[in-house]
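Heads up, the thing below is written out as structure tokens.
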Amino acid sequence: MLKLDKKDMRLFIIVALMTILAPFILNPFPEGSGLAQFNAGYPDLMQRFVIFGIFAIGFNILFGLTGYLSFGHAAFLGVGSYAAIWMMKLLTMNVIPAIIASVAIAGVFALVVGFISLRRSGIYFSILTLAFAQMSFAMAYSVLTPITGGETGLQPKVNDPRILDAALAPGATPSAGLFGLEMRDSYELALGNWLFTFNFGYYFAAALMLVAFYTSMRIFRSPFGMMLRGVKSNQQRLNYTGLNSKPYTLAAFVISGMYAGLAGGLLVAMDTQVGPERMFWTASGEVVLMTILGGAGTLIGPVLGAGFIKYMENIISKINESILHQWFYWLPDGLEDLVVGMIYPFIGKGWHLTLGIMFMLVVIFLPGGLVEGGQRIGRWVRGKGRKADATGDKKSTASTPAE
Amino acid sequence: MDAIILQILNGLDKGSAYALIALGLTLIFGTLGVVNFAHGALFMLGAFCAVTLNKLLTLSFITIDETQKDFLGNPLKVETPYIEGWFGPEVAGTVIEWSVPLAILFAIPIMILVGLVMERGLIKYFYKRPHADQILVTFGLAIVLQEIIKYFYGANPIPTPAPSAFSGSFDFGALLGFDPGTIIYPYWRLVYFGFAAVVIAGVFAFLRYTTFGMVVRAGMADRETVGLLGINIDKRFTIMFALAACVAGLAGVMYAPINSPNYHMGMDFLVLSFVVVVVGGMGSLGGAVAAGFLLGVLESFASMSQVLNVLPGINQIIIYLVAIIVLLTRPRGLMGRKGVMED
Amino acid sequence: MPGFKLDRRGLLKSGAVLGAGLAMPTIFTGRANAFTNEPTGSSVTLGFNVPQSGAYADEGADELRAYELAVEHLNGGGDGGMMNTFSSKALQGNGILGKKIEYVTGDTQTKSDTARASAKSMIEKDGAVMITGGSSSGVAVAVQALCQEAGVIFMAGLTHSNDTTGKDKKANGFRHFFNSYMSGAALAPVLERNYGSDRKAYHLTADYNWGYTTEEAIRSSTEALGWETVEAVKTPLAATDFSAYITPVLQSDADVLVLNHYGANMVNSLTNAVQFGLRDRMVNGKNFEIVVPLYSRLMAKGAGANVKGIFGSTNWHWSLTDDASKAFVQSFGTKYGFPPSQAAHTCYVQALLYADAVERAGSFNPCAVVEALEGYEFDGLGNGPTLYRAEDHQCFKDVLVVRGKENPTSEFDLLEIVEVTPVAQVTYAPDHPQFAGGQLGACNPGA
């Protein structure tokens, strides 16, 4: 089915189930309990998980397969966002035209940038993409203010033309939707102390992420994907065989740019505003980190990496000193202060420190990223199950990393 | 004309900082093959060596002055630096005022130590790893270093003035036959430029005229062969890493009076110094220095209002624009060697 | 599978069992509330969204301290601070409407995207009814728009751009802090008195929204006095070394330099300007002068001795001697050991004003709060008699013109108050051209 082999099919089904059941999986702790702080099952963060998942999946098509390290992918995300918001301002708050425009315009932009940047390889390529992205950022911030809204960015306004939409009811604000359903519509389900939120926007984005994930699987397994891997392992040899690899690499670049544009368009669809800082080099760096952290070149790794970083950014940064005191109130006073004092530098405003340490730990101990961590745990569990057959296990440790 | 001379001076000054950082970065690339995203953080650590020395020198004991009130109406706590108690206000005042130049002596051992620990403790395990892993681990390290600084010093810039002997400006105009006062340039910025020139010359001389340098250059060209000759190249590379850290640190120390240091100043310079290194050409020390000065001068010119009136916003993008043009016309930057970091 | 027939009856039966199983533990909340996050329990949650990383992290930390202090006072703890001097006596010290105040914090990173993500998590996950804080106008505008969509109240923190209550104003958003126009209107007369009316000004402007509105405000109010603007150059926000922008000033015949910079930009550009000896210059027979329209004590500290004698404006300063300011400084200083910044002050006041408005309205409903705040006149919060104007949700109050102190007695004593500009002088019409183009719209209670 779906033209996937058994292993891929299993992975795809697992990912699909995880995304569909995310409101449950990400909200394991009951409301009001001390651990509810760690719940991530609220619409905004779930949306970000899948959107940055798309961004990272797309980046991985370029970097994971061809080895070309783009340091400017945030530019495509930003361009996609601007395209989407303009569609919403001019045409309609329906997200379909916005998303089509974001993918298309980001694709065209990626074609231009890719065509120029791919004339060089290695770090020269990285710096070329970085230069294009930084120029886009700087211009969006200042000179292009009439189109981009400068630092303040753009938002749909009540008095925008929106030629396809009916006039707004008095007092209403424009909000993004899909044929009558609004992205922010949610259904809440309370089970005992647990509260689960099913958000339409999330499922819309999640559906697109599954499409994106499936497409990337097909690309990985296709002859085109094989060609791209060839570029990574030895471009010269590939060229000597008489093949011109550039069209393939360029295609990968444009595809991954379109993925970034889709992510940018979805960001606008979920939260109707855009600012230039999403094109800054740190944003480009973030997707690189997501991909490497999760496991470059693997199918699921980038999604894990994206989830990891966004979780840290949104959850760890919100733990403050008073929450720590709530957790450890049961300790004797002196000890409580000591424990809080020891943890405090790593949470709240110190969340960057934790992130930095996690980067280092993962790359030092798990050279294949989070995916390798998962494999090791899997092997360990399986190894325990059949301890008797220890010899057979040795072989599997030497197996190739799953993709 | 005088405006142009001034902008050239500005550019050389800015270029000095770019060149010093890029020099260390390209040394590490060239010798160890490591992409060091923590290099900006080393620059920042250097600047904070100056801040720290200043803090150490002004460590104070507290006396309570009943005649004055603090903002809450309590008796004012007057802080007197210990060294003032030991040596009297005059000597102490002079020492504190000269804390930035003194910090050079303070920073050299610290930065060398930081470099050694970093290389032996972390970087050496990443020689054989892909560049992507190197980026991730050094980026993580950079975040950790700057968060530690933020934890102790806060996020605001910390004023670290130069000695008052350098606070004035030098009248270039008079020297070159212009009207006095038209081309003046702050002494400290001239000192910075001179300092950068000396450090760069020192590094070049070290690599060119010592046996050590010769081996390192050979190692840069062909690591395996040198290793086969029975030379312990690893040890030398460790020393090169410490040297690069030291150069970045010194660049930071001397930069502190120009702009008050803050914890993220390293990241501000990181991307630019990568661009500088690549425009100069991977593996080329001369290229890095030349590109540093070139980009510094061009950036200064692009900031002139005469230029901005014709091309609005050019000051924001000039460096990247030049980088693109250079890389498209010269595939390996200004002076890059073939095959370095091209895959 | 012979012997097993799925008939209609069986289907109905199993369907009913399945339905019951699904329905049993389910309580459909369906959000029958009148407005977003209506507090139903014994407590109410407020969201403090401040920069905790990036260049404004120290300012954000000070804002957070102020909020914590405000929560303490509102819940009846501490010495009550400005609650004792506040003209409205609606607040009882028992939380808001008898509900204990709880709060959540987040990091805006001074990026609109992150700030909105953080605010959304407060609204969606933590059930916050009000979001407040921030240290930049871009963030304020972004979060304000979000709160309008979501149907919660936004009480802006430090945001100085005209646009926050001008072209980007929103019905659910309120600003206590002053703005670029007010800075210009307050500064100009003082500048005239000290530097005369025949001056040539050179502007360096941070190349983003706040920079533009500040430059415009200062230009128009100084030009009205007879000053001439020689040149206005935009500098990149990311710039760290301003030498390339300072040296052309030496070449021009300008005798005043206006630095429309804030934060690290201001620290660096001012430091660079002093390095280049601008303050020792004589041009057109006059002393060269530097002006910094928006001062912040925290930032002035970064520039060290370079701020001495330089004029600027500020929303509030701890050395004010009215009862309210003294009470606040006492309360804050006792708890934290140093005086509060203007960012801390505006945030504390905003928290109090929100609580008071809810108390007076008798409801957390955003529309009721908006009604209670619109056109509200109050006193005793450190800025003298103040009006929350209904047309644009901007506070109108006295503005402080300050100068860098020549002989500071402590590390906090960096600014001295030169003049308290009366509110009448900084008031403008709601449709003033510098504020044109926005619509407040109607209040949105969400849900």
Sort through C:446, C:441 and tell me the only one that's assigned to a loop (DSSP other than H, G, I, E, B), touching a Phe, Trp or Tyr at 6+ places or on another chain (Cβ under 6 Å), within 30 Å of residue C:34 (Cα to Cα) and not basic (Lys, Arg).
-> C:446
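Is it true that residue B:158 is in contact with a His (Cβ under 9 Å, 6 or more places away or on another chain) and either within 14 Å of chain C (Cβ to nearest Cβ) or aliphatic (A, V, I, L, M) (or both)?
So residue B:158 does not fit the description; no.
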Identify the residue in region C:418-447 that is out of contact with any Asp or Glu (no Cβ under 9 Å at 6 or more places or on another chain) and among the β-branched types (Val, Ile, Thr) and, among all such residues, is nearest to the other protein chains (Cβ to nearest Cβ).
-> C:418
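Going through A:207, A:190, A:167 one at a time, which residue ends up being more than 14 Å from chain B (Cβ to nearest Cβ), part of a strand (DSSP E or B) and without any contact (Cβ under 8 Å) to a residue 12 or more places away in the chain?
A:190
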Could you tell me which residue of region C:378-405 is farthest from residue C:294 (Cα to Cα), considering only residues that are in contact with a Ser or Thr (Cβ under 7 Å, 6 or more places away or on another chain) and among the charged types (D, E, K, R)?
-> C:379
Do we have residue B:256 as closer than 30 Å to residue C:263 by Cβ and small (Gly, Ala, Ser) here?
-> yes
Candidates A:303, A:287, filtered to the one that is under 17 Å from residue A:72 (Cβ atoms) and more than 12 Å from every other protein chain (Cβ to nearest Cβ) | A:287
Out of all the residues in region B:143-155, is one or more under 17 Å from residue C:272 (Cβ atoms) and buried (at least 17 other Cβ atoms within 10 Å of the Cβ)?
-> no
Check region A:310-321 and report whether any residue there is in contact with a helix residue (DSSP H, G or I) (Cβ under 8 Å, 6 or more places away or on another chain), modelled with pLDDT under 85 and surrounded by fewer than 18 Cβ atoms within 10 Å (Cβ to Cβ).
-> yes
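For every residue, the table says whether it meets (1) within 14 Å of chain B (Cβ to nearest Cβ); (2) at pLDDT 90 or above.
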{"position": "C:209", "(1), (2)": "no, no"}
{"position": "C:217", "(1), (2)": "no, yes"}
{"position": "C:269", "(1), (2)": "yes, yes"}
{"position": "C:286", "(1), (2)": "no, no"}
{"position": "C:290", "(1), (2)": "no, yes"}
Considering only strands (runs of 3 or more DSSP E) wholly within region C:188-287, the ones with at least 2 residues that are farther than 30 Å from residue B:265 by Cβ are C:200-206, C:228-235
If we only count helices (runs of 4 or more DSSP H) wholly inside region C:322-391, which ones have 3 or more residues that are among the charged types (D, E, K, R)?
-> C:323-336, C:342-361
Positions within region C:84-140 being more than 26 Å from residue B:156 (Cα to Cα) and either in contact with a His (Cβ under 8 Å, 6 or more places away or on another chain) or among the aliphatic types (A, V, I, L, M) (or both), in sequence order = C:90, C:91, C:93, C:96, C:97, C:101, C:122, C:123, C:128, C:129, C:130
Is it true that some residue in region C:78-86 is more than 30 Å from residue C:334 (Cβ to Cβ), touching a residue at least 12 places away in the same chain (Cβ under 8 Å) and not in a strand (DSSP E or B)?
-> no
Name the residue, out of B:287, B:313, B:296, that is under 30 Å from residue B:54 (Cα atoms) and out of contact with any Pro (no Cβ under 7 Å at 6 or more places or on another chain).
-> B:296
Hey, can you tell me all the residues within region A:315-330 that are within 11 Å of another protein chain (Cβ to nearest Cβ), in a helix (DSSP H, G or I) and in contact with a Phe, Trp or Tyr (Cβ under 9 Å, 6 or more places away or on another chain)?
-> A:315, A:316, A:317, A:318, A:321, A:322
Only one of C:418, C:399, C:423 is touching a residue at least 60 places away in the same chain (Cβ under 8 Å), of a type in the set (A, V, I, L, M, F, W, C) and over 30 Å from residue B:65 (Cα atoms); which?
-> C:399
Only residues that are surrounded by fewer than 24 Cβ atoms within 10 Å (Cβ to Cβ) and either more than 7 Å from chain A (Cβ to nearest Cβ) or more than 19 Å from the chain's Cα centre (by Cα) (or both): list them for region C:109-124, please.
-> C:124
Matching option when the condition is assigned to a helix (DSSP H, G or I), more than 22 Å from residue B:289 (Cα to Cα), away from every other protein chain (no Cβ under 12 Å) and over 12 Å from the mean Cα position of the chain (by Cα), among B:226, B:215, B:198 | B:226
Output for region C:95-144, where each listed residue is part of a loop (DSSP other than H, G, I, E, B) and either at positive phi or touching a Pro at 6+ places or on another chain (Cβ under 8 Å) (or both) | C:95, C:97, C:98, C:108, C:109, C:110, C:127, C:129, C:134, C:135, C:136
Which one of C:198, C:207, C:253 is of a type in the set (Asp, Glu), crowded, with 24+ Cβ neighbours inside 10 Å and out of contact with any Asp or Glu (no Cβ under 6 Å at 6 or more places or on another chain)?
-> C:207
Can you tell me which residues in region B:118-167 are closer than 19 Å to residue B:265 by Cβ and acidic (Asp, Glu)?
-> B:147
Lone qualifier among A:362, A:340 - being away from chain B (no Cβ under 14 Å) and part of a helix (DSSP H, G or I) | A:340
Test residue A:216 against the criterion of being under 30 Å from residue A:135 (Cβ atoms), in contact with a helix residue (DSSP H, G or I) (Cβ under 9 Å, 6 or more places away or on another chain) and free of Cβ contacts under 8 Å to residues at least 24 places away in the same chain, and give yes or no.
-> no
Which of the residues belonging to region A:170-186 are more than 10 Å from chain C (Cβ to nearest Cβ) and farther than 20 Å from residue A:100 by Cα?
-> A:185
Selection from region C:56-72 of residues surrounded by fewer than 24 Cβ atoms within 10 Å (Cβ to Cβ) and over 16 Å from the mean Cα position of the chain (by Cα) yields C:68, C:71, C:72
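The values are calculated or read from the model by the stated rules, or taken from the named source; none is laboratory data. Only a predicted model underlies this, so the values are computations on that prediction, with no experimental measurement involved. Heads up, the Cβs are rebuilt from the backbone with ideal geometry, glycines too, and the neighbour counts pull from every protein chain shown.
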